Amino acid sequence: MFEPMIDADSRPYWDGIARGELLLQHCLSCARTIFYPRALCPLCFSTELEWRTASGSGTVYSYTVMRKAFGRFATDPPTVLALVDLDEGVRMMTHLVGLDPSDARIGARVEVTVKSVEEDLSLPCFTPVP
């Protein structure tokens with residue numbers, strides 16, 4: 001996993017994650033929900049954006065099982081890297097945790113959980129909905 005770049009546009013997102021809250025930007029001009037954090041809406045180019053708390057629920061769109069650890073945030077393999085479609089209509093890349101990799105399924109319902117990876121950095125991950 002690459003180190004997150006925390007800048008003025010993404011700072012509220014990372015501050016929310018640190019509090020255990022998943023925040024998404026919402027465009028006040030065209031009503032689009034936006035992920036990843038940015039300075040303007042990618043649809044209408046408006047800068048009228050606000051942060052809203054996401055439901056934290058979604059569906060696994062796709063996944064892969066990584067059997068080799070690498071990088072600064074490597075965990076013991078195997079790990080599950082997934083694309084999750086959030087209920088708010090955006091897709092994010094994340095890790096699935098709290099399951100055996102052989103139990104990962106496309107279409108599975110998941111919910112966000114925050115995983116501390118360093119003293120000053122937490123990442124949003126997803127766990128299966130029971």
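The values are calculated or read from the model by the stated rules, or taken from the named source; none is laboratory data. All values reported here derive from a predicted model rather than from experimental measurement. Every residue, glycine as well, gets a Cβ built from its backbone with ideal geometry; the counts of neighbours run over all protein chains shown.
Looking only at residues in the range 94-122 that are within 18 Å of Ala18 (Cα to Cα) and out of contact with any Ser or Thr (no Cβ under 8 Å at 6 or more places or on another chain), the one that is surrounded by the fewest Cβ atoms within 10 Å (Cβ to Cβ) is Glu119.
Residues in the range 33-48 that are within 24 Å of Phe126 (Cβ to Cβ) and free of Cβ contacts under 8 Å to residues at least 40 places away in the same chain: Pro37, Arg38, Pro42. Within the range 29-38, the residues that satisfy the criterion of being surrounded by 15 or more Cβ atoms within 10 Å (Cβ to Cβ) and touching a Leu at 6+ places or on another chain (Cβ under 8 Å) are Arg32, Thr33, Ile34, Phe35.
When the residues of the range 70-92 are filtered to those that are out of contact with any Ser or Thr (no Cβ under 8 Å at 6 or more places or on another chain) and modelled with pLDDT of 95 or more, the one that is surrounded by the fewest Cβ atoms within 10 Å (Cβ to Cβ) is Arg91.
Within the range 102-125, how many residues turn out to be closer than 17 Å to Val65 by Cβ and either in contact with a His (Cβ under 6 Å, 6 or more places away or on another chain) or of a type in the set (Gly, Ala, Ser) (or both)? Please lay out each step first, then the result.
Applying the first criterion (closer than 17 Å to Val65 by Cβ) to the range 102-125 yields 102-108, 110, 125.
So of that shortlist, the ones also either in contact with a His (Cβ under 6 Å, 6 or more places away or on another chain) or of a type in the set (Gly, Ala, Ser) (or both) come out as 102, 104, 107-108, 125.
Looking only at that region, the number is 5.
When restricted to residues that are touching a residue at least 24 places away in the same chain (Cβ under 8 Å) and either within 13 Å of Thr79 (Cβ to Cβ) or in a strand (DSSP E or B) (or both), the range 89-101 contains 9.
This table checks each residue for (1) surrounded by fewer than 16 Cβ atoms within 10 Å (Cβ to Cβ); (2) within 16 Å of Met93 (Cα to Cα); (3) among the hydroxyl-bearing types (Ser, Thr, Tyr); (4) in contact with a strand residue (DSSP E or B) (Cβ under 9 Å, 6 or more places away or on another chain).
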| site | (1), (2), (3), (4) |
| --- | --- |
| Cys27 | no, no, no, yes |
| Pro42 | yes, no, no, yes |
| Ser57 | no, yes, yes, yes |
| Tyr63 | no, yes, yes, yes |
| Lys68 | yes, no, no, no |
